[in-house]
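The values are calculated or read from the model by the stated rules, or taken from the named source; none is laboratory data. Remember, predicted model here, so these are calculated numbers, not experimental data. Quick reminder, even Gly has a Cβ in these numbers, built from the backbone with ideal geometry, and neighbours come from all protein chains shown. Note: areas computed on protein heavy atoms with side chains; ligands, DNA, RNA excluded. Shrake-Rupley method; radii C 1.70, N 1.55, O 1.52, S 1.80 Å.
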Amino acid sequence: MDILMKSVKLEMNGKLYVKDPESSDLGRKIIEHSILLIDEIGFECFTFKKLGARIHSNESSIYRYFENKHKLLLYLASWYWGWMEYRMVFATNGISDPVKKLKKAIEVLTQNVEEDSSFSHVNEVVLNKLIINEYSKSYLVKEVDQENKDGYFTISKRIVSRISKMIQVVDENYPYPLSLASTILEGTLHQYFLAEHFPKLTNCNEKITPTQFFTDLIFRTLNLKLNG
């Protein structure tokens with residue numbers, strides 16, 4: 001998988017950026033350090049001026065790549081979900097048993113993230129923390145319907161569709177496959193957030209992982225036997 005991932009280039013919606021950040025060293029530096037800075041100070045306090053100071057570049061140079069910080073957050077979220085989708089596809093591709101395939105997909109989407117050496121300018125562990133804490137700010141905006149029409153959420157919707165189809169293969173009579181699939185995607189972020197900030201609101205902790213919770217939830221919902 002590592003060898004295959006090294007040849008992968010995640011394709012982003014061109015409307016998210018003014019200039020493709022993957023096309024230059026400065027662009028990749030903007031991505032790398034925006035992740036670190038947003039994680040450090042939070043999205044509300046993050047500005048292009050602060051990012052420019054961090055990377056020793058003019059604020060105006062960042063605007064050559066992104067129209068505003070909202071578009072940058074949408075880009076980072078799309079990159080994250082694109083990365084997760086590739087990981088899920090590779091991890092489940094050789095599994096013929098539909099139950100085992102679904103279980104593996106849940107595992108990939110819900111487990112702790114490890115840094116991927118295939119993308120040297122992105123710290124996936126920090127990006128995962130950023131998505132857990134900030135992702136909802138990318139779509140809880142008045143313009144969400146238009147942004148959805150513009151395809152800004154295509155990748156996350158595609159993951160939900162993939163999981164939904166896996167659920168349907170396991171149980172074609174289950175009436176809510178999309179709702180169950182989107183619950184995994186959004187719920188995982190929420191459970192990690194609760195474990196970190198509101199531990200009395202979740203059973204997930206150092207001993208019980210979101211992977212265990214969601215695997216149990218999905219298998220009980222579909223009346224499947226959980227082995228291993």
* Asked: Spin-label point model (7 Å from Cα, Cβ direction): what's the N112 to T154 distance in nm?
  -> 3.5 nm
* Structure fact -> Per residue, accessible area of the stretch 1-155 with a 1.4 Å probe, heavy atoms of protein chains only, in Å², comes to 50 Å²
* For S24 and V89, compute 0.36 nm times the residue count separating them, minus their Cα-Cα distance, and round to one decimal in nm. => 20.6 nm
* To do: Could you work out how far helix 25-41 tilts from the main Cα principal axis of the chain, as a 0 to 90 degree angle to the nearest 10?
  => 70 degrees
* Asked: If you find the alpha carbon centre of the stretch 147-164 and of the stretch 21-39, how far apart are they in angstrom?
  -> 24 Å
* On a 0 to 90° scale, report how tilted helix 177-197 is relative to the longest principal axis of the chain, with both axes built from alpha carbons and the result rounded to the nearest 10. => 60 degrees
* Which longest uninterrupted range of the chain lacks any trypsin sites (Lys or Arg not before Pro) assigned by DSSP to a loop state (not H, G, I, E or B) and surrounded by at most 11 other Cβ atoms within 10 Å? -> 10-141
* To do: Just flag the GluC sites (Glu not before Pro) in the stretch 105-207 sitting in loop per DSSP whose Cβ has no more than 14 other Cβ atoms within 10 Å.
  => E114, E115, E143, E172, E206
* What length, rounded to one decimal in nm, is gained on full extension from I208 through to E143, with 0.36 nm per residue of separation minus their alpha-carbon distance? -> 19.7 nm
* Give, in nm to one decimal, the length gained when the segment between H56 and N223 is fully stretched (0.36 nm per residue of separation minus the Cα-Cα distance). => 54.5 nm
* To do: With everything on Cα atoms, drop me the angle between helix 98-110 and the longest principal axis of the chain, reported from 0 to 90° to the nearest 10.
  => 40 degrees
* **Over 24 Å between alpha carbons, listed pairs K50/K137; K29/K104; K15/K103** => K29/K104; K15/K103
* Could you pull out every one of the aspartates and glutamates with an alpha carbon less than 16 Å from that of K69, ignoring same-chain neighbours closer than 8 positions? => D20, E32, D39, E40, E44, E59, E134, E143, E147
